[in-house]
1. So how far, in whole Å, is the C-alpha centre of region 75-124 from the one of region 148-183?
2. Rounded to whole Å and ordered largest first, report the semi-axes of the equivalent ellipsoid of region 90-177 derived from its Cα gyration tensor (root of 5λ).
3. Going by C-beta contacts inside 10 Å, put LYS28, LYS128 in order with the fewest on the left.
4. Work out how much length TYR148 to HIS166 would gain on full extension: take 0.36 nm times their residue separation and subtract the Cα-Cα distance, in nm to one decimal.
5. Run through region 77-173 and list the GluC sites (Glu not before Pro) located in a DSSP loop whose Cβ has at most 15 other Cβ atoms within 10 Å.
6. Under a Cβ-Cβ cut-off of 13 Å, what is the net charge of the residues other than ARG99 that fall near it, where Lys and Arg count +1 and Asp and Glu count -1?
7. Grab the DSSP H runs of the chain that are 4 residues or longer, score each as -39,500 (n - 2.57), total them, divide by all residues and round the 222 nm result to the nearest 500 deg cm²/dmol.
8. Taking loop as defined by DSSP and a crowding limit of 12 other beta carbons within 10 Å, which chymotrypsin sites (Phe, Trp or Tyr not before Pro) in region 34-133 fit?
Amino acid sequence: MNSRDNGNGENGGNGRGQKRRALAADEKSPGERATEAVREFLEEDGWYPEPVGDAAVFRVHYSGRNATFPCFIQVRIELEQLLVYAVCPVRTPEDSRGRVAEFTTRANYGMRIGNFELDYEDGEVRYKTSVDFEGEALTAHWLRGLLYPAVQTMDTYLPGLLAVAHGERSPLEAIRLIEEPEE
C-alpha cells in the first residue's frame with residue numbers, strides 16, 4: 001500500500017472526528033465496528049487476514065488464474081470508508097510507466113466497479129474498489145461486492161498489464177485482447 005495513505009483519515013476534515021469523540025468510552029464507533037466486521041468476514045471467507053501496522057488495514061493474498069498477489073483492505077475509521085486494493089505483484093519499470101498509464105486509462109474507461117491506479121513515483125499498479133459506509137453496517141454482501149471484483153479484475157488484466165510493462169504489446173493491443181477476445 002502506498003505510504004501516502006495513513007489509513008486513519010487524519011487529513012480529512014469532514015467533522016466526523018467530533019462525532020466519534022462524543023461516544024462513550026466503552027462504545028465503539030461505526031468505523032471500529034466496521035473494522036471488526038471486515039476481520040470477521042475475511043476469516044469466515046477463508047482469506048487469512050494479516051493486520052498491517054496499527055492502522056485498520058488487513059493484508060490477504062489472492063491466487064488467481066494468472067498470478068498470486070497481495071490485496072489490502074483498509075477501513076478509514078474516522079471517514080467511515082472502506083477501500084480494497086488488489087496490488088500488481090510486479091512494479092512497473094520507470095521507462096514503461098507512460099505506456100502502463102495509457103493501458104490503465106484504457107482499462108478504466110467503462111469500468112463499473114473500481115479503477116486502476118498507477119503510482120508514477122515507484123511504479124506500483126493497483127486496482128481499487130471503495131465505499132463510503134457512513135451510517136451503515138458493513139455486511140458480508142457489501143464486503144464480497146468490493147473484494148471479489150478487485151481481485152478478479154486485477155487477475156483478468158494482469159497479463160496485458162505485464163505485456164505492456166515489458167514492451168511486448170501496445171496498450172491498445174493488450175486491452176483489445178482482454179476486452180474483445182476472439183471467439
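Bear in mind these aren't lab numbers, they're just calculated from the coordinates by the rules spelled out. Just so it is clear, the model here is predicted, and its values are computed rather than measured. Note that we place each Cβ from the backbone using ideal geometry, even for glycine, and neighbour counts take in every protein chain shown.
1. Comparing the Cα centres of region 75-124 and region 148-183, I get a distance of 14 Å.
2. Taking √(5λ) for each Cα gyration eigenvalue gives 28, 13, 10 Å.
3. LYS28, LYS128
4. That works out to 3.8 nm of additional length.
5. Passing sites in region 77-173 are GLU121, GLU134, GLU136, GLU168.
6. That sum, taken over residues with Cβ under 13 Å, equals -2.
7. -12000 deg cm²/dmol
8. TYR109, TYR120
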